[in-house]
Each structure stands twice: as C-alpha cells, then as structure tokens.
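Enquirer: Encoded as structure tokens, here's the structure I'll be asking about.
The values are calculated or read from the model by the stated rules, or taken from the named source; none is laboratory data. All of these numbers come straight from a predicted model, not from anything done at the bench. Please note: Cβ atoms are built from the backbone with ideal geometry, for glycine as well, and neighbour counts cover all protein chains shown. Calculation scope for accessible area: heavy atoms of the full protein, side chains included, ligands and nucleic acids excluded. Shrake-Rupley method; radii C 1.70, N 1.55, O 1.52, S 1.80 Å.
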Amino acid sequence: MTTATTGRTTPIGVVGTAHTRVEGREKVTGAARYAGEIPFADLAHGWLVLSTVARGRITAVDTEPVLAMPGVRAVLHHGNAPRVETQYMGMMGPPDPTSTVFQTDRVPHLGWPVALVVAETSEQAREAAESLVVHYEVEPHDTGFAGDRPEAHTVDGIMPGVTEKGDLAAELAASAHVVDAEYTTPEEHHSMMEPHAATARWDGGRLELIDSNQGTTWVQNELAQMFSLDPGAVRVRSEHIGGGFGSKGLRAHQVAAVMAATTLQRPVRVVMTRRQMFSLTGYRSPTSQRVRLGADADGRLRALEHRSVSQTSTVHTFVEPSAGVPRIMYDAAAHHTANLVVPLDVPTPTFMRAPGEAPGSFALESALDELAEKTGLDPIELRVRNEPDRGPVSGLPFSTRNLVGCFREGARRFGWADRDPRPGVRRDGRWLLGTGVAGASFHSGAGPSTALATAEPDGTFTVRIAAADIGTGARTALTLIAADALEVPVDRVRVRIGDSDFGPAMLAGGSMGTRSWAWAINAAGRELRERLALGTGIPPEGITVRSDTTAALGTLAQKERHSFGAQFAEVAVDPATGEVRVRRMLGIFAAGRIVNPLTARNQLVGGMIWGISMALHEEAVRDRATGGLYGADLAGYHVATHADVPHVEADWIEDDDPDDPVGIKGVGEVGIVGAAAAIANAVRHATGVRHRHLPIRPDRVLGAQDAGAPDA
Ligand code: MOS
C-alpha cells in the first residue's frame, strides 16, 4: 500500500489485526524458562521461615541445630542479616516492611518472614527451615475486620480519602426513592499460576536479579535504594512471568535472596510456596461498603454517598479505594465518597486487579440495580438517565465516554429488550433463571518510558524496552506497535523486554503498560525511520535511537481518561442446593484502540472470569484465634475453574479520541469491573433475593430462602 503523505511503500498496518503470541511456541513447548528454573552454576537455595504467631517479638532463633543439618550454609534472621535502608520513597510510596526482611524482632502478623535458611539444595533448605525453632514473646492480636471499627480513618494517598459536595441529608430527604444498603466483599488473593521466585547473584561488582515481576526497572530502583547502590549497579531481568495481577513488585524473597547472595558470595534462589504466598505477596482487603442513593421519581440522582472501609497492616498503609468508583461513574447534587482503613495484625494488602474498582463496582452497581427496582425503571435506562457530562468530582471533560454505547450494543446482542423485569418467575426445570447488568470503568493513564530502536545491518529491527509481559500478550502487542511505527512487516521486528538495562519504563500495572510502552516505541520507531530515510548506510553495530516520553506525557490535555464497559450475565439458581451457575456473560467495552484483538479479548474475558470467581467462589477466611487463614492454598481458597466458566464473550465498540497521541486505553483491568455486580443482579432477578455479601455461596442462597428474606 502506498501512503499519500510520504509516497513510500509501506505495509498495511498490523495494529488492530489478530496475532498469536510471539513467544507462544516457547511457552507451550516448555522452552520458555521462568525465574525459578533458570540454571546457574554454584546455585544455593534459600527457604523462608514464617512466624507462627500473629503478634509479638522474636526472643531467640535456635540456629545451631539447623546449621548442623546436611547442606545448610546459613541462617539469616534479624540478629545477623545485613542492614538495609527502609526509609525511602519508592515508586509506590515508602516500602512495605514485609519486603525489608530481618530488620527487627517485631512480628506484626502470622506468616511474617523471620528467617531464611540457605542450603545446597532446595530440599535441604526446606527440611532445615521447617526444623528451625524460633522463640517468641507473644502479644494479643486483633485481626477482626468490620465496617464499624472505630479506628477506621481516611488517608490521602494516590487518591484523596474523601470527596464531598452538596448537602447529603437535604438531598436524601427531598428524594422520592432512597437506597441505603451495606455491601461486603471478602479478603481475596491474586492466585496467579507462577509463584514468586528470584535468583540473586553478584557479577563483577554488579547485582543481578533473575525475577518474576511486573517491572524490572521498578524492582531495580527499589533494590538500589534499599541496599544503597547506584541503580546502574543493579540489573533485574524478568523474561517470562506467569501472572502478577498487582502482587509481583518487591517482596520478601527478592530481598532475602540478595542478602544471602551478599553474605555467601554465591548465587542464591528463593522460591515461595503457594502457602507462603498467602501471607507474603499481598491480597485484596475485605471491604465493608455503605451506599446511599437518593433519586427523583424519574430516577435522576439527587444524592450519592459511597463509604468504604478496608483493612491494612500495622506496619504499612494500603487503602483499597472502593469509593473511587462514583467519582467517575455517576453525579448527584450531593455527592460524598470516602475510603477508610483499619490497621489490624494482618499482612499488608496491595494492588489486585482493578484495586478499588472491583469491590467498589460490586457495591455501587448493585445499589443502582436496587434503585432501578424502586423507581420501576429498566436498569440500563436508569444509568442512561444518570450519565454525567463531566467528571463528577474533577469537573474535567471526558476524553471519550462511551458507556451508553456499550450498554446499547450489549443490550442488542444479549437480547435485553425481551427481559421481563419481575424477579423469580422464570424456570428451566429445577433452575430459576435471571439476567443482570452493571456498568464498568477503569482509569487510563501512562507513565514515562524509554525505548531503544535499532536498525540492524541485515534489514531487521530490534526494539528494546523494559516492559513486562505478565501473561497479557504485551510482547506481541508491542511487536505490532513497533512494526507499524517502523513501517515494516512484523517478521522483521524483534521486541526484547524484561531487562532493566533497557532503561526506565512504566511497570505492568494500572492497565497502563501497553499505552505507556507503545508511546515510547512509536516515538523511537518513527525517529529511526526518519534517520533511515536520509539514506545513510547501516554500520555493523546498527543504528539505534532512544526515545523518552517523560516530556510528552506532560503536554497531554487534562481530561478524565477512562475505559468503560457494560457487563451482562445470565444465571441459573438451584433452589434445592443453593448452587448458582453462570450460564453466559457478555461484556461490551469502550477501551480505545485495540492493538491485538486476540490477546485483548483474552484480557477482557480473563477479567470477566475473575468476576465470576469473585461473585461465587473466592473468599479467604481469617481465623480470629490464630490470626491466620483457614486453608491457605488452592484447595481451601476456591477460584473459578473450567467447569464454572460458561460462554463468556467480550467485544468492544469504536472509542476514538482524535486528540490522544496513542489512542490505547488498556484492557487489563476493566474486564473484572462490574462483573460480580452483573451476576449478583442476575441472582436477584432469578430468585427475588438480593445478595449484598460476596461470595454468593450455596449456604447463603439457601439461608436467605429458608428465612424467606428478600435480602441476604
Ligand atoms: Mo495491577 S492491580 O495494576 O497489576
């Protein structure tokens, strides 16, 4: 194809066309190596020892017997481990002390890392670690989360703790219809397939870490600050990552591995077990949320209050910002939102796929469904009537807001028009049937990134960027982006990622990875193309240009940038067993430019499946007596499996902002948002019972039925 502007021959653009993963063959044949399985000469193995008490102090560590065990080379603990810097400002704020291991005798929760046993083999290390006796002075602990805890307070962090406008009491009093309800979501865990694993070694005065993380330059910078090293003296590599979902940043195992490699002056690998991950790698806090909505007779909101309480640890504050959802979704004359947090003797929670939006959308989109019933309006029509024309809190215009378009297209494809709104009247044999909808949104941002684009003498191109493919298909998406930026066919481009030596880049988080990296690759690719157009020959080392988007990001007009979506679910409920089966789901999204429909659909469907899991299965239950979890493994902690997942379809509508230089919005998180609410709303439609507490377990369904209750 010949472009009119340049007159040069260019390939047809590949962005927007389906491509299988460039590393797919390596992955399915087992050739792709993950952090815990890359061979090293002289490798030693570290095994973490976790506290068996929920609060107190370590009084003694009986290292002698363990040091005499076969193959054991060292036992690191607070009494002998290298000191590290704990007071610095990292990319996500100050470090969570769970990562800065062995600096204090204090034990702030059960499963806190108290020692690392290093041995010649992993089995020897494990045997010794499980034999290590640690003595504690035990203090009473408190892990009892509840929404009415008096210690709950707001914290201004990435988002303001509180937003308030208008007179809530007056608007509620003037409302024709009011919803006032409490919703809860349980503690949930990331449960990615690949456990956390890292190998640390010193190589000619440089610290090298082979790791499984969501951002190599992020972990590089954290380690550099913690160990008082120049960032250039730290190299972090992360070639393949078997899932992250927010939990693969800097964790105890990387720091422990670096300490051991430093102490022993040999490579040390630390791999976590699935059980250890339940206390060491973060989780989504339980939430207790109160939503109050007041509307006129025609369904227009006058009052909206969303107040969410979550928990954090006593050593580090992380707020699950569930009440952030209405700051984007719906407006009202009185609009109050607040995120509160209660410190308890528990591990520190962290970012988990759609932090805030996932639990927040369950509460808010359930409340909207309750309001639709009260007003007698169709739930989609109620949302259409409450479309804001600006950000309800920011007052900023939306870059694009195609939520209504998503609902319209979804309604058409799902067959919503034929829906009988009456609850509890459809049957298919023993099953009660129902359908539900919910809205979704997720922030679309970008972080500064650099990329290197090289024209090789053989006519191919190499693009290097410290991006992370945590299973999303980012490597493939960036290959398409690079091919279009360079105006060459895909098979002439290789994209190398996952190495901090490629320079600073955004981490894979906040659905911002592909948008951020594409921006940098576009810039480098275009500049390289211009250089080559000058017609100079390519020297043996190639021609390389480097881009940096830091300045360009600052020129972006201030707007509310979000992806949006409409979730539809059909469920069947067995009143005899209380079993809820999702029969089909449809998600229609407006998520900007879709780079690779194959992997984008996979991301959106994956998010929706998380929604099924959140609605029906996932629940980590904390035992108040021990302060630990019951069944902290994938037998005790249920995630949706194949048999739970029916026909799930995701698609998108046109969502083009001509003023956006990249146009990509990100699809990693919006797929889970609203999904659990759509299912809960469908259960209400099927059974007539409103479930405000997740997960909707069979016993809850039966209990509500037995009580004859309209609410559970
Ligand atoms: Mo995520 S929770 O932005 O990895």
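Enquirer: Just one of (1) open to solvent by 60 Å² or more (accessible area, probe 1.4 Å); (2) among the small types (G, A, S); (3) assigned to a loop (DSSP other than H, G, I, E, B) trips up A551, so point out which.
Expert: If we test A551 against (1) open to solvent by 60 Å² or more (accessible area, probe 1.4 Å); (2) among the small types (G, A, S); (3) assigned to a loop (DSSP other than H, G, I, E, B), just (3) comes out false.
Enquirer: Cβ contacts < 9 Å: first residue not assigned by TED's automatic domain parsing to the domain that holds R201, restricted to the range 228-248; second residue more than 16 Å from the ligand (Cβ to nearest atom) and aliphatic (A, V, I, L, M), any location; separation 6+ or different chain. Result?
Expert: Note: no pairs meet the criteria.
Enquirer: With V75, V53 as the choices, which residue is within 27 Å of E187 (Cβ to Cβ) and under 35 Å from the mean Cα position of the chain (by Cα)?
Expert: Result: V53 is the single residue among V75, V53 that is within 27 Å of E187 (Cβ to Cβ) and under 35 Å from the mean Cα position of the chain (by Cα).
Enquirer: If the requirement is being under 27 Å from the mean Cα position of the chain (by Cα), of a type outside the set (K, R) and under 30 Å from D369 (Cα atoms), which of these qualifies: V162, V234, V179?
Expert: Answer to the selection: V162.
Enquirer: Ok, one more. Taking the residues in the range 218-255 that are among the acidic types (D, E) and over 14 Å from G93 (Cα atoms) as candidates, determine which candidate is nearest to the ligand (Cβ to nearest atom).
Expert: It comes out as E239.
Enquirer: Restricting attention to the range 326-353, which residues are open to solvent by 10 Å² or more (accessible area, probe 1.4 Å), within 16 Å of the ligand (Cβ to nearest atom) and not charged (D, E, K, R)?
Expert: T350, F351
Enquirer: Go through the range 562-593 and report how many residues are open to solvent by less than 20 Å² (accessible area, probe 1.4 Å) and in contact with a Phe, Trp or Tyr (Cβ under 8 Å, 6 or more places away or on another chain).
Expert: Number satisfying all stated conditions: 16.
Enquirer: Out of the range 32-58, which residues are open to solvent by 60 Å² or more (accessible area, probe 1.4 Å) and either in a loop (DSSP other than H, G, I, E, B) or among the acidic types (D, E) (or both)?
Expert: R33, E37, P39, A41, D42, T52, R55
Enquirer: Right, next: Take E127 and decide whether it is surrounded by fewer than 18 Cβ atoms within 10 Å (Cβ to Cβ) and under 30 Å from R55 (Cβ atoms).
Expert: no
Enquirer: Here's a follow-up. Taking the range 3-29 only, how many residues are modelled with pLDDT under 95 and open to solvent by less than 100 Å² (accessible area, probe 1.4 Å)?
Expert: So the answer is 7.
Enquirer: Yes or no: R33 of a type in the set (K, R) and free of Cβ contacts under 8 Å to residues at least 24 places away in the same chain?
Expert: no
Enquirer: Which ranges mark the strands (runs of 3 or more DSSP E) fully within the range 234-322 that have 2 or more residues being at pLDDT 95 or above and closer than 30 Å to N80 by Cα?
Expert: The strands (runs of 3 or more DSSP E) meeting that bar are 234-237, 268-271.
Enquirer: Looking at the range 88-190, what strands (runs of 3 or more DSSP E) fall wholly within it and have at least 2 residues that are farther than 20 Å from A60 by Cα and in contact (Cβ under 8 Å) with a residue 12 or more places away in the chain?
Expert: Those strands (runs of 3 or more DSSP E) span 162-165, 177-185.
Enquirer: For the range 175-207, which residues satisfy the criterion of being over 23 Å from P321 (Cα atoms), more than 16 Å from the ligand (Cβ to nearest atom) and open to solvent by 10 Å² or more (accessible area, probe 1.4 Å)?
Expert: Matches in the range 175-207: S175, A176, H177, V178, P195, R201, W202, D203, G204, G205, R206.
Yes or no, residue by residue, for (1) closer than 30 Å to T184 by Cα; (2) small (G, A, S):
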| residue | (1), (2) |
| --- | --- |
| V61 | no, no |
| R83 | no, no |
| T100 | no, no |
| D105 | no, no |
| A128 | no, yes |
| S131 | no, yes |
| T143 | yes, no |
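Enquirer: Going by the conditions given, is G636 of a type in the set (G, A, S), surrounded by 24 or more Cβ atoms within 10 Å (Cβ to Cβ) and out of contact with any Pro (no Cβ under 8 Å at 6 or more places or on another chain)?
Expert: It is false that G636 is of a type in the set (G, A, S), surrounded by 24 or more Cβ atoms within 10 Å (Cβ to Cβ) and out of contact with any Pro (no Cβ under 8 Å at 6 or more places or on another chain).
Enquirer: Of all the residues that make up the range 640-672, how many are in contact with a Ser or Thr (Cβ under 6 Å, 6 or more places away or on another chain), within 30 Å of T143 (Cα to Cα) and within 16 Å of the ligand (Cβ to nearest atom)?
Expert: The total comes to 1.
Enquirer: Next question. Can you report the number of residues in the range 354-394 which are open to solvent by 20 Å² or more (accessible area, probe 1.4 Å), within 16 Å of the ligand (Cβ to nearest atom) and in a loop (DSSP other than H, G, I, E, B)?
Expert: Summing the residues that are open to solvent by 20 Å² or more (accessible area, probe 1.4 Å), within 16 Å of the ligand (Cβ to nearest atom) and in a loop (DSSP other than H, G, I, E, B) in the range 354-394 gives 1.
Enquirer: Does L229 satisfy the criteria of being surrounded by fewer than 24 Cβ atoms within 10 Å (Cβ to Cβ) and not polar (S, T, N, Q)?
Expert: yes
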